[in-house]
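The values are calculated or read from the model by the stated rules, or taken from the named source; none is laboratory data. Note that the coordinates shown come from a computational prediction; the quantities given were computed from them, not determined experimentally. Please note: Cβ atoms are built from the backbone with ideal geometry, for glycine as well, and neighbour counts cover all protein chains shown.
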């Protein structure tokens, strides 16, 4: 019977308030001691956990044929007395132009008893031979099932007659800053090695479109790439991928690709041998505070559509200037979140996309395409109005010297003959426009989300924004064909 039960069921007279306080205090102390004992039991040693999961961690050695003799050779005139000397020297030192083999080391881990192994793509990229060394001894040659350079993940397979020890993926979304984690791998070629630390940060992005890294201070060095990052339950919550270091060694800033990203990639590689990501077909940028104010949005969130080339979004009726607020039932905070959500959605699925347009919301139905098939396609430019009137005179507006596009300007800017807008010929270095990054050579295509063909239209859009009580006007600007939205303060407008 517990202490609490004894107190509740006793038939003795009710204790005094002082005694009750004493008993509650004692119970609290016991609970604190129990929690501390449990915490210490988990962090005093990682030995049991390491012993349990080590058999599933592997060392990876790759071999690549590297061509030699491709560099410049001494030029010796034919018949020169040095001709024989250089020929003999080359044959002795380099064996002519024969290729040589280059080796590299990395890490990985087994995810199924039949021999599937996960590692980094950069560990095995361009390798002619991949050898897997197991913790308990023995080596097997691996074949590549598929790779995904965007997340730097590769799936390998070894053939084995016996079931292999393996580990399972955990839910990386449950990893909290401050949680204990353990990294395993082959650092600097030293063989199976364990290091421990904590989760230092979450949702880190380095340079990839689909980056979602767990930052950790568990020691990660060269050779750890592709190895697992474990939680204290022995579940893989990340794949060790990169370090931040001025000298090439660990300084306590390592990055592991989150397991919830890796599992989706691995499932597709295992099923198809390649990734199949959803594709919406838009160019987007984040909604800043000034852009939100210029458009009448309550909050600076969502993804602002800057261009809609031919593709799924265009077929659904999406337009440049729309702000995507929701995708397939998920709120869109920014462009990074939208790209990841779209990429994780099945190809061919019809989704609901809620956009902000003309002061209200609209719901569009989009059937997603496949990103891998669409990559490399040059987006179509926005067509202009071929009948727009030309205004050859320049004028300073909002710190920008602008001029309607002429045939000469279109040729200089390498634009299509039907393109319309205002060319920026100069920018006041003290203006808001210069601070926002506008430069000579940019072309203003829209103002206030309406096409521009003349300076007077530009002035009208500014006047409309001011009459509506807005502090800024939204411009669609193209530079070398690439579109982006910029919100400029209308306070600099000439009266």
Give just the number: which of (1) under 14 Å from residue 296 (Cα atoms); (2) touching a strand residue (DSSP E or B) at 6+ places or on another chain (Cβ under 6 Å); (3) surrounded by fewer than 21 Cβ atoms within 10 Å (Cβ to Cβ) does residue 468 not satisfy? (2)
Among the residues of segment 140-188, how many are surrounded by fewer than 23 Cβ atoms within 10 Å (Cβ to Cβ) and not in a strand (DSSP E or B)? 21
Tell me, yes or no, whether segment 299-311 has at least one residue that is at pLDDT 90 or above, within 22 Å of the chain's Cα centre (by Cα), assigned by TED's automatic domain parsing to the domain that holds residue 367 and surrounded by fewer than 18 Cβ atoms within 10 Å (Cβ to Cβ). yes
Would segment 478-490 turn up any residue that is modelled with pLDDT of 85 or more, assigned to a helix (DSSP H, G or I) and surrounded by 16 or more Cβ atoms within 10 Å (Cβ to Cβ)? no
Condition broken by residue 242, with the remaining ones in (1) modelled with pLDDT of 95 or more; (2) under 22 Å from residue 117 (Cβ atoms) satisfied: (1)
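Conditions (1) farther than 15 Å from residue 152 by Cα; (2) touching a helix residue (DSSP H, G or I) at 6+ places or on another chain (Cβ under 6 Å); (3) assigned by TED's automatic domain parsing to the domain that holds residue 314, marked per residue:
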site: 219; (1), (2), (3): yes, no, no
site: 227; (1), (2), (3): no, no, no
site: 239; (1), (2), (3): no, yes, no
site: 245; (1), (2), (3): yes, no, no
site: 250; (1), (2), (3): yes, no, no
site: 257; (1), (2), (3): no, no, no
Among strands (runs of 3 or more DSSP E) completely within segment 347-414, the ones holding 1 or more residues that are within 33 Å of the chain's Cα centre (by Cα) and modelled with pLDDT of 90 or more are 350-357, 360-367
If I filter segment 269-283 for residues that are part of a strand (DSSP E or B), within 22 Å of residue 477 (Cα to Cα) and touching a strand residue (DSSP E or B) at 6+ places or on another chain (Cβ under 8 Å), do I get at least one hit? yes
